[in-house]
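Remarks on the structure that follows.
The values are calculated or read from the model by the stated rules, or taken from the named source; none is laboratory data. Because the structure is a prediction, the values reported are computed rather than measured. Quick reminder, even Gly has a Cβ in these numbers, built from the backbone with ideal geometry, and neighbours come from all protein chains shown.
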Amino acid sequence: MKKANIEIRNAISESGFTQWQVAEAIGINATTLTVWLRTPLNESRLNRVQLALRKMKKGAEVNV
C-alpha cells in the first residue's frame, strides 16, 4: 500500500525540519498534521504546509 502525501512527506524530510516543527509553524498540533498526512491533503491544507516550509527555509516567521 502506497503512503498518502509522499511528495509532501519527502519535502518535509528533505527540508531538514521535522513534522512537529512544521505543525508548530502552521499552528496545529503535531498529531493533527500526522492525521492530515494519512489521507490525500485537500488544496487548502497542502498550501498551508507548503507555505510553512517555504517560510521556514527562508528563516521567516510563519503565520499560516
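Restricting Leu37, Leu41 to those that are within 22 Å of Lys2 (Cβ to Cβ), modelled with pLDDT of 95 or more and touching a Lys or Arg at 6+ places or on another chain (Cβ under 8 Å) reduces the list to Leu37.
Within the stretch 10-19, the set of residues being part of a helix (DSSP H, G or I) and either touching a Ser or Thr at 6+ places or on another chain (Cβ under 8 Å) or surrounded by 13 or more Cβ atoms within 10 Å (Cβ to Cβ) (or both) comprises Ala11, Ile12, Ser15, Gln19. What do you reckon, is Arg45 crowded, with 16+ Cβ neighbours inside 10 Å and not acidic (Asp, Glu)? Considered against the rule, which asks whether it is crowded, with 16+ Cβ neighbours inside 10 Å and not acidic (Asp, Glu), Arg45 comes out as yes.
Results for (1) in contact (Cβ under 8 Å) with a residue 24 or more places away in the chain; (2) part of a helix (DSSP H, G or I); (3) not acidic (Asp, Glu), shown as yes or no for each residue.
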| position | (1), (2), (3) |
| --- | --- |
| Ile8 | yes, yes, yes |
| Gln21 | yes, yes, yes |
| Thr34 | no, yes, yes |
| Thr39 | yes, no, yes |
| Val49 | yes, yes, yes |
| Leu53 | yes, yes, yes |
